[in-house]
Amino acid sequence: MKLDQMVRSVYPNLTPYTCSLADLPVEEMKQALGLEQVYKLSFNENPLGPSSKALNAMQQALSQLNLYPSSSGEAVQGKIAEKEGVLPENVILSNGADEMIILVAQTFLEPEDEAIIPEICFVQYMASTYLMGATPVFTPMKADLGIDLKAILQKITEKTKVIFLCNPNNPTGTVIPADELQAFIKQVPENVLVVIDEAYHEFADGDGYRSSVELVSDFANVFVIRTFSKIYSLAAARIGYGIGQAALVDAINHVRPPFNVNSIAQAGALASLDDAEHVAESRRINQFGKQLLCKTLDELGLSYLSSQANFVCVNTGKDGQEVFDRLAERGWIVRKLTGYGLNSSLRISIGRPEEMEAFVEVFKEVLSK
Ligand SMILES: *Cc1c(COP(=O)(O)O)cnc(C)c1O
């Protein structure tokens, strides 16, 4: 049996999800580093943990594990629709936002197609494009590392099928100004789908940001992706969703597996949507940590990108790998950005207030060496 002759021809472009140190669960990090205490600031997780309302609902849902879940997740779908001012038929659930990105690729991308992706952006857009045998076309960032919409317009060809955007963007934290984004969408041909990943939507509160959900009614080619993994703190439950016009949602429903979101995740998501206090507290913690971190960076004279998410992209002015290693030795795991060519930068997720107070001291010490 020659496996390499049997697998699909896209295979060489696919890579298994390999866990470097920054990707491990905390317990495995402790083992890898031989440390008793490890702080994980590498995954943009919500340090507050899930809403207690969500945990209760999930516990109750456990007794029904013998039954298949609702396929469309009607209850969650309905609540999201109500919250976002759309209809249930505009909402589709997925096994995390990651699955929604794959579903979009499976629905739209043929091997001869191109998908345009900003160079410094979430990596799953590229992976899903390769999975379908389509070609990712990368566009340069603006000088300030914002997403360059003009550069994207210039790359549109007859082969372009999908444009992937992330707003606020991961790993930079920057937002695309709402007026620019709207003007851009007007210029994109109707037969090109614009996917806007708003995984950090609930954290965005600053100038210029507006959700693209408001564009869905006017533009049949706009699809917005959200997740319960970030502010709602349900990353391990795996649930996300998309919002688009009914025909678009219906098209994606043709490729969606019948029971892609389990009942525990549905129960947790439903209860989370009702816990405004948990969201407010998560935002408050994030604001505190982000302000403390940025104040420290200002004092150190380091440049960083203005972030509307739950992480900050910092230029350490040194070798990013070295700073990463020194932090790791002390039990602090952040995210390197060498894969994007940002060799002196690190992405630091915002932890709990007391974690951030400790982190800034360690960071100062590490940088003074
Ligand atoms: C974290 C993240 C996701 C993945 O979310 P899941 O719902 O956990 O799959 C998707 N997009 C972006 C930009 C993210 O940062």
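Has the stretch 236-252 got at least one residue that is among the acidic types (D, E) and closer than 30 Å to L67 by Cβ?
yes
Could you list, ordered by first residue, the pairs with Cβ atoms under 6 Å in which the first is in the stretch 181-207 and at negative phi and the second is aromatic (F, W, Y) and not in a helix (DSSP H, G or I), at least 6 apart or interchain?
Qualifying pairs under 6 Å: I185/F219; V195/F164; V195/F223.
I'm checking my understanding of the structure. Among residues of the stretch 210-231 that are more than 10 Å from the ligand (Cβ to nearest atom) and within 16 Å of the chain's Cα centre (by Cα), which one is nearest to A105 (Cα to Cα)?
Residue satisfying both the conditions and the ranking: F223.
Within the stretch 48-94, track down each residue that is more than 14 Å from N262 (Cβ to Cβ), touching a strand residue (DSSP E or B) at 6+ places or on another chain (Cβ under 8 Å) and outside any helix (DSSP H, G or I).
V86, V91, I92
Take the stretch 301-335 and flag every residue that is closer than 18 Å to N167 by Cα and in contact (Cβ under 8 Å) with a residue 24 or more places away in the chain.
Matches in the stretch 301-335: L305, S306, S307, Q308, A309, N310, F311, V312, C313.
Residue under question is I116, and the condition is that it be within 14 Å of the ligand (Cβ to nearest atom), outside any helix (DSSP H, G or I) and crowded, with 20+ Cβ neighbours inside 10 Å; does it hold?
Taking the combined requirement at face value, the residue does not satisfy it.
Could you tell me whether the stretch 124-134 includes any residue that is surrounded by 19 or more Cβ atoms within 10 Å (Cβ to Cβ), more than 16 Å from the ligand (Cβ to nearest atom) and in a loop (DSSP other than H, G, I, E, B)?
Scanning the stretch 124-134, I find at least one residue that is surrounded by 19 or more Cβ atoms within 10 Å (Cβ to Cβ), more than 16 Å from the ligand (Cβ to nearest atom) and in a loop (DSSP other than H, G, I, E, B), so the answer is yes.
Given the options L62, L35, L103, L109, name the one that is touching a residue at least 12 places away in the same chain (Cβ under 8 Å), of a type outside the set (K, R) and within 30 Å of F288 (Cβ to Cβ).
L35
Can you tell me which residues in the stretch 1-29 are over 19 Å from the mean Cα position of the chain (by Cα) and surrounded by 16 or more Cβ atoms within 10 Å (Cβ to Cβ)?
L21, M29
A short reminder: the numbers here are calculations on the coordinates, not readings from a lab. Computed from a predicted model, the values in this text were never measured in an experiment. Neighbour counts run over all protein chains shown; Cβ positions are idealised from the backbone, glycine included.
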